[in-house]
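What follows is a short report on a single structure.
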Amino acid sequence: MTLIIDFLVISGLILGIWLFSEPRKARFGNFAAAFSLFCAFVLILYRYQIINVNTVAISLMFGAIVGYVVARSVNMNQIPAMVAIQNGAGGAAAFLVSFVELTRADQSLNSVTAISGIIGLAVGAFTFSGSMVAGAKLANKMRQSPQTLSNHNFLVLVTIWGMFAACATSFHVSSESAFYLHLVQIVLSCLLGILFSIRIGGADMPVLISFLNSMTGMAAALCGMVLSNRLLIAFGAIVASSGYILTYMMCKAMNRNIIKVFIPDSQPSQPITQSTTVVSSEKIAKDSKLPDSILEPEAEGNNEVDNVVSAAEPVEPAICVDPLADAAKALLKAKSVIVIPGYGMALAKAQFKVLELASILTKRGASVKYAIHPVAGRMPGHMNVILAEAEVDYDDLIEMEDVNSLFSDTDVAMVIGACDVVNSAAIEVEGTPISGMPILLAHEAKQIIVCNFDDKPGYSGVPNPLYKNNKTIMLQGDAKATVTDLIARLN
Amino acid sequence: MTNLLVMLGFFIASFFIGYILISRIPSLLHTPLMSMTNAVSGVTILGAMLLFTISGTATENIFGSLAIVAATFNVVGGFAITDRMLGLFKGKSKKENF
């Protein structure tokens, strides 16, 4: 009987996830998942006698109120950070539960539960600190760029070794010393989480956040192993597989090996990226014979990369006097426009202005679509939420595989705050960090308008040949201001 | 030993069901999906509740209630934020009603 009820509760969650296959039903799916979790909660209350009802009730109330208030107050730009922090809370809960179970004085654990408890402790604490670092990075409370300490890999190895030592010893000592050993294990796991997360930054964030999501699911399932609770195991495993799939998809969308993302070269990253970019930009200049570049008057040339490019090919004086007018003219003539949003658009909060621009164009009879790269933004599908916030129809948001065939028939491709996802070096140049990464084929459109903050390379450090394309109109500066100016010109 | 096998069976079965289901989800909804599964991972709240089914020491109770606070924060916050996010997604048909 209990088995049947458990199955019913789990199928509630499965139904919830199944409903996520269509945007219209997803909201109900979320409700179904929440309801099945609530049922599981009620089952626990029904099946077991809770001692200390007051403590439990107060803790529940407190967590629920804080969780709800915070979830109501954040705006859509803070979603990635919020998800990371909630994920960290889940990890914390998992390691606390494992810790209490492991160190209970009046209970002898069999070896299976002890081992799952110890792994659960490590995984939970690792996710907790890793997610908190990711959250701090995503909320811009910490520098987003990868931070590599000297001897980073060595430190990681020492931490892992220390964790194993603490685990192994904890089996052979009295329960009191085991308590402290488990504490040491928690501290070391937290340290490992920090070491792991700080050297992942910027555009690799979607992989990190999916991976951490998978790890909390794993920690929850391990908790279930410790407590021999089927519901915990099933729910945790489903979350773990979801996170795993998203991690895999994100890696595939960047054509990167997961190990390369998580364990970058151990040397300080600065000189390496510098030298590869120089090499690759020379390569681009030689190999693909770039058309005359339209150089912005404000191009500062303080960047080493810029100097190399200018040295490699004589740059003609700026041809285009008023790029804004050219862009407006191109947009007025355009019958079809594809907007390519990137993290820069989210940063500049330009999505509302972009929609305003799009509705002007639609009223003039043009078709406006949005091309979404899987890794644009800081978490999987980030751009969709940002655009949904501006009330863009989700039918106009088109995934990479479907949109790429449309570019050659498109009059204007409008890049807003995106760089690496339209970096044609990925398919034209061998040996760059992004070579082989699938990109949005913006360069195939008849005209390209780029509304980026500057013409510096994106996160990958590879200069974008699109910027120097003679079909490209560069509008540098804050995307929101640029789009607002464009709207003024169109009117 | 059988208990372990049953639990492992549960884990593997759930993992594969999740795998099949989640592979079908369009990338349009990946952020809400992640936010929702993130809320589900707060299922450790069940574990935290189970800690209070046998009387424990003061330290155990403190850790236990911390676990409950963290897990409820995760669950309630996660579902609330997913609901808000999904409320933003509007298709053509829905818009015509306005």
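The values are calculated or read from the model by the stated rules, or taken from the named source; none is laboratory data. Note that the structure is a prediction, hence the values are computed from the model and not measured. Virtual Cβ from ideal backbone geometry, glycine too; neighbours counted across all protein chains shown. Side chains included, ligands, DNA and RNA excluded: accessible areas come from the protein's heavy atoms. Shrake-Rupley method; radii C 1.70, N 1.55, O 1.52, S 1.80 Å.
Table for the structure above
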quantity	calculated
The stretch A:318-345, residues that are open to solvent by less than 20 Å² (accessible area, probe 1.4 Å) and more than 14 Å from A:V415 (Cβ to Cβ)	A:A328, A:A334
Total residues in the stretch A:74-128, condition part of a loop (DSSP other than H, G, I, E, B) and open to solvent by 20 Å² or more (accessible area, probe 1.4 Å)	7
Some residue of the stretch A:38-60 being within 29 Å of A:S197 (Cβ to Cβ), at the interface with chain B (Cβ under 7 Å from one of its Cβ atoms) and not small (G, A, S)	no
Residue list for the stretch A:386-417, restricted to those being in contact with a Lys or Arg (Cβ under 9 Å, 6 or more places away or on another chain), open to solvent by 10 Å² or more (accessible area, probe 1.4 Å) and in contact (Cβ under 8 Å) with a residue 24 or more places away in the chain	A:E391, A:Y394, A:D396, A:L397, A:I398, A:L406, A:S408, A:D409, A:D411
Only one of A:V421, A:V429 that is under 16 Å from A:G344 (Cα atoms) and either aliphatic (A, V, I, L, M) or more than 14 Å from chain B (Cβ to nearest Cβ) (or both)	A:V421
Scan of the stretch A:70-83 for residues that are more than 9 Å from chain B (Cβ to nearest Cβ) and modelled with pLDDT of 90 or more, ordered by number	A:S73, A:A81
In the stretch A:232-251, residue nearest to A:M218 (Cα to Cα) [restricted to those that are in contact (Cβ under 8 Å) with a residue 60 or more places away in the chain and either open to solvent by 10 Å² or more (accessible area, probe 1.4 Å) or of a type in the set (F, W, Y) (or both)]	A:F235
Evaluation of B:L88 against (1) within 22 Å of A:G91 (Cα to Cα); (2) facing chain A (nearest Cβ under 7 Å); (3) surrounded by fewer than 21 Cβ atoms within 10 Å (Cβ to Cβ) (one fails), failing number	(1)
Matching residues, the stretch A:470-491, being open to solvent by less than 30 Å² (accessible area, probe 1.4 Å) and assigned to a loop (DSSP other than H, G, I, E, B)	A:L475, A:G477
Failed item, numbered, when A:L149 is tested on (1) among the hydrophobic types (A, V, I, L, M, F, W, C); (2) in contact (Cβ under 8 Å) with a residue 12 or more places away in the chain; (3) within 29 Å of A:C223 (Cβ to Cβ)	(3)
Filtered residue count, the stretch A:1-20, keeping only those that are crowded, with 16+ Cβ neighbours inside 10 Å and either of a type in the set (A, V, I, L, M, F, W, C) or under 18 Å from B:L33 (Cβ atoms) (or both)	11
Qualifying residue in the stretch A:162-180 (condition: touching a residue at least 60 places away in the same chain (Cβ under 8 Å) and buried (at least 24 other Cβ atoms within 10 Å of the Cβ))	no
Residues of the stretch A:210-231 satisfying the condition of being within 18 Å of B:T31 (Cβ to Cβ) and open to solvent by 10 Å² or more (accessible area, probe 1.4 Å)	A:F211, A:S214
Tally, over the stretch A:40-49, of residues that are surrounded by fewer than 16 Cβ atoms within 10 Å (Cβ to Cβ) and not hydroxyl-bearing (S, T, Y)	4
Residue match in the stretch B:12-21 (condition: at the interface with another protein chain (Cβ under 7 Å from one of its Cβ atoms) and in a loop (DSSP other than H, G, I, E, B))	no
A:I51 being in a helix (DSSP H, G or I) and of a type outside the set (D, E)	no
Yes/no for A:M383 being modelled with pLDDT of 90 or more and either under 17 Å from the mean Cα position of the chain (by Cα) or open to solvent by less than 10 Å² (accessible area, probe 1.4 Å) (or both)	yes
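Yes/no per residue for (1) open to solvent by 40 Å² or more (accessible area, probe 1.4 Å); (2) touching a residue at least 60 places away in the same chain (Cβ under 8 Å); (3) not hydrophobic (A, V, I, L, M, F, W, C):
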{"position": "A:V429", "(1), (2), (3)": "no, yes, no"}
{"position": "A:Q447", "(1), (2), (3)": "yes, yes, yes"}
{"position": "A:G461", "(1), (2), (3)": "no, yes, yes"}
{"position": "A:L466", "(1), (2), (3)": "no, no, no"}
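So that you can scan it fast, the table gives a plain yes or no per residue for (1) within 7 Å of chain A (Cβ to nearest Cβ); (2) open to solvent by less than 40 Å² (accessible area, probe 1.4 Å); (3) assigned to a loop (DSSP other than H, G, I, E, B); (4) at pLDDT 90 or above:
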residue	(1), (2), (3), (4)
B:M7	yes, yes, no, no
B:V43	yes, yes, no, yes
B:F63	yes, no, no, yes
B:I68	yes, yes, no, yes
